[in-house]
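Right, one structure below, let's go through it.
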Amino acid sequence: MLLQHLYQAFDSIAKKRKVFKVETIGDSYVACAGVHEAEPAHAIKIVRFAWDCMIRMREVTRELGKLQKQSLY
């Protein structure tokens, strides 16, 4: 459930940031920038994508943690 929510969030971020999602392998999300079209700032683009993913990962895990705690009561 966690990975499904994270990958959906990462897909959304990839689309927004125009980053190419290569695939998901187990618990790994593989993405790149500057492959299909030359992108001079590809490193900056992928770092911003990764930063957004880290922020969203914290939000998703916090949200799911709250849901789990509520279901225990």
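The values are calculated or read from the model by the stated rules, or taken from the named source; none is laboratory data. Source: prediction; values computed, not measured. No Cβ is skipped: glycine too gets one built from the backbone with ideal geometry, and neighbour counts run over all protein chains shown.
Would you confirm whether any residue within the range 6-26 is of a type in the set (K, R) and on the phi > 0 side of the Ramachandran plot?
Scanning the range 6-26, I find at least one residue that is of a type in the set (K, R) and on the phi > 0 side of the Ramachandran plot, so the answer is yes.
Looking only at the range 8-23, filter to residues that are free of Cβ contacts under 8 Å to residues at least 40 places away in the same chain and touching a helix residue (DSSP H, G or I) at 6+ places or on another chain (Cβ under 6 Å); which one of those is surrounded by the most Cβ atoms within 10 Å (Cβ to Cβ)?
Taking the candidates together, the pick is V19.
Could you please find all residues in the range 26-36 being under 19 Å from M54 (Cβ atoms) and β-branched (V, I, T)?
V30
Residue by residue through the range 16-73, note down the ones that are assigned to a helix (DSSP H, G or I), small (G, A, S) and farther than 15 Å from L3 by Cα.
A43, A50, S71
Evaluate the following for H5: is it at pLDDT below 95 and under 10 Å from the mean Cα position of the chain (by Cα)?
Criteria met by H5.
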